[in-house]
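See structure below.
What follows is calculated from the coordinates using simple rules that are stated; it is not laboratory data. Note that the structure is a prediction, hence the values are computed from the model and not measured. Cβ: placed from backbone, ideal geometry, glycine included. Neighbour counts: every protein chain shown.
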Amino acid sequence: MMRRATLFFAVAAILCALVSCSASEPKKATFTAMDTVMSVSVWNGDGVSYEEADACVAEAKRIVNELAAELSVTDAASAVFRANSGERVTLSDSAAELCRRSLRMCERSGGALDITVYPLVRAWGFTTDRHRVPPQSEIDSLLSLTGYDRVSIGDDGTLSLAEGTMIDLGAVAKGYASDLICDMLSERGVASAMINLGGNVRTLGKKPDGSFWRVGVASPTGGGNACVVEIGEGAVVTSGSYERFFEADGKRYCHIIDPSSGYPAESELLCVTVVGESGFECDALSTALFVMGFDGALDYWRQNGGFEMILLTDSAVYATEGIAPSVELTGNAPGDAVNVIKR
Ligand code: AMP
Ligand code: MG
């Protein structure tokens, strides 16, 4: 009898453990948008029921899809496509805000970020995967149509582009979308969430058990992560030459364009990871710092601060002093120690 009771309590304890284990599993949605795989994981608890967590995940997906539909450069129905075709369009409040903030970042980055490089991105074949090296005359004539000062946005969201100018918010849209999702989740009372929009990671709060999130930085030479960074609430965004590129005549051309030359950005950097508070800023900065190259990125960080960064070359990993202690190298990392960048 005694043994039966013990068995009963043992089974009951295991069942309880299983139930509480499943209760700590997040509600997760994985979907494709903006040409990439995205996932949103929301933990319930502290007044947020399982059903609410489910509704949050659905709302997150709606936010991304709505923004993607408005900003697409290839969908003839999108506002940005129509503006790029010379039509006068009025953007939604959130797209207009993204555009205004992007223009400020273009200026702050000294033009390393430039939302008007789209004609060049297209000429190099990155929008169609029909890659080519355009002749210099074509690059020169397209350069004459670029420059973020050729874009203005009215208080009512009216977008005006100078003749022949086209915009592409692909360098900032995912980071911005991750912030919109985070705001929505915290308004709904969610305390713990992980948003991964194609490698643009944004976290809300800490993990449900109070520990830090561990975010992997993909190895630019393929195969798993080069390192893992531990963060509380914030954003981790990577831009790199290994994401989309092609080779011609033994040279590698990547999808990030240096707006000053019209050529794909070229430096010893394989990728730049920016860690900070805002997904938008990290996304804008990772693209801009990649264009600036290793020395330019260091100068920019020393002069502006407000964020941390991890730089990967083919032989070493560098991290700014505020984040370096939280960076753990994996077997795929170039080098065997983190080189600390000091102020
Ligand atoms: P990301 O992956 O966030 O670094 O963004 C790269 C994407 O932004 C590219 O695929 C282009 O669509 C666009 N892009 C390329 N170069 C630039 C640039 N210098 N400034 C702004 N957008 C760019
Ligand atoms: Mg970016």
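Start at zero, step by 10 Å, and the Cα-Cα distances of the chain spread as 5, 23, 31, 23, 10, 4, 2, 1, 0, 0 percent across the bins. The charge dipole of the stretch 245-298, taken about its Cα centre with unit charges on the Cβ of Lys, Arg, Asp and Glu (plus for the first two, minus for the last two), comes to roughly 120 debye. Think of the chain as having a plus end and a minus end, set by charges on the Cβ of Lys, Arg, Asp and Glu; of 340, 256, 153, 340 sits farthest toward the positive end of this dipole. Centre-to-centre separation between the Cα atoms of the stretch 90-123 and those of the stretch 292-343: 26 Å. Restricting the stretch 118-155 to trypsin sites (Lys or Arg not before Pro) that sit in a DSSP loop and have at most 14 other Cβ atoms within 10 Å of their own Cβ leaves 130, 132. Mind checking which helices in the chain clear 24 Å along their axis (Cα) and have mean Kyte-Doolittle hydropathy of -0.5 or more, DSSP H runs only? The qualifying helices are 2-23, 50-71. Computed on the stretch 230-298, with alpha-carbon pairs under 8 angstrom and 6+ residues apart, the relative contact order is 37 percent.
Counting beta carbons within 10 Å around each of 168, 129, 75, 258 and listing the fewest first gives the order 129, 75, 258, 168. Each of 149, 114, 155 was scored by other Cβ atoms within 10 Å of its Cβ. Listed from fewest to most, they are 155, 149, 114. Dipole magnitude for the chain: about 880 debye, using +1 per Lys or Arg Cβ and -1 per Asp or Glu Cβ, origin at the Cα centre.
Remark: the residue 163-residue 138 segment gains 7.3 nm on full extension, using 0.36 nm per residue and subtracting the alpha carbon distance. Please state the relative contact order of the chain as a whole percent: Cα pairs under 8 Å, 6+ residues apart? Rounded, it is 14 percent for the chain. Normalising by residue count, the stretch 145-196 has a Cα convex hull of 93 Å³ per residue.
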